[in-house]
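Working notes, beginning with the structure itself.
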Amino acid sequence: MFMRLMKSQDIDKMQPIISACKWTANFPRNYYINYMQHWPHLCIVAELKGKLCGYTLAKLDRGMEGVFGHISAVTIKAEFRGRNLGSRLMAQMEMEFAKVKEAKYVDLFVKETNKNAIGFYEHLGYEIHRRIPFYYDDCDALEMRKTLARAHDTPQISCNAEKTKNS
């Protein structure tokens, strides 16, 4: 299984995956094209033997707290769930966001009723930031956030251990 940048011809291949998942919103073709034009490095598909297994769409945004990454969609075909594919796609997105010096965190919205997704995101280190009433037609959304980790933010540990003499 490998990941690559999304192409416009992938949009039609994504439709059966989107339609089969009750949690994934289906958008017009132009929505996906817009993402690919503005944030091509944040539109990733996963393939196995030429078959689309999943995808993610994300973008950079700016709010009152500054620049942040927003994951708009992560969808994995049912038969490929539980194989760490979602985690790999999320890690790829977080790595791309971390390259943007000003970006402080990643956020995403999830239906409050989608307990599996909430648990998945919590496992990846996301925390519930706030509830957004009436975001979806049938329920509220939870905004979940994760602070971006960067190599220069991590304290360096010295390895200058003293040599001891055994007697």
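Points to keep in mind about this one:
- The strands (runs of 3 or more DSSP E) located wholly in region 1-100 that include 2 or more residues which are in contact with a helix residue (DSSP H, G or I) (Cβ under 8 Å, 6 or more places away or on another chain) and under 24 Å from residue 111 (Cα atoms) occupy 43-48, 51-63, 66-76.
- Residue 81 within 29 Å of residue 5 (Cα to Cα), more than 14 Å from the chain's Cα centre (by Cα) and either modelled with pLDDT under 95 or of a type outside the set (Asp, Glu) (or both): yes
- Some residue of region 26-35 being at pLDDT 90 or above and not hydroxyl-bearing (Ser, Thr, Tyr): yes
- In region 45-72, the residues that are touching a strand residue (DSSP E or B) at 6+ places or on another chain (Cβ under 7 Å) and within 23 Å of residue 101 (Cα to Cα): 56, 57, 58, 59, 60, 61, 67, 68, 69, 70, 71, 72
- Among residues of region 46-65 that are of a type in the set (D, E, K, R), those with a beta-carbon under 8 Å from a residue that is surrounded by 10 or more Cβ atoms within 10 Å (Cβ to Cβ) and not in a strand (DSSP E or B) at least six positions away or on a different chain give the pairs 47/1; 59/35; 59/38; 59/39; 59/42; 65/104.
- In region 39-61, the residues that are exposed (fewer than 14 other Cβ atoms within 10 Å of the Cβ) and over 17 Å from the mean Cα position of the chain (by Cα): 49, 50, 51
- Flag for residue 73 being of a type in the set (A, V, I, L, M, F, W, C) and surrounded by fewer than 17 Cβ atoms within 10 Å (Cβ to Cβ): no
The values are calculated or read from the model by the stated rules, or taken from the named source; none is laboratory data. No experiment lies behind these values; they were computed from the predicted model shown. Heads up, the Cβs are rebuilt from the backbone with ideal geometry, glycines too, and the neighbour counts pull from every protein chain shown.
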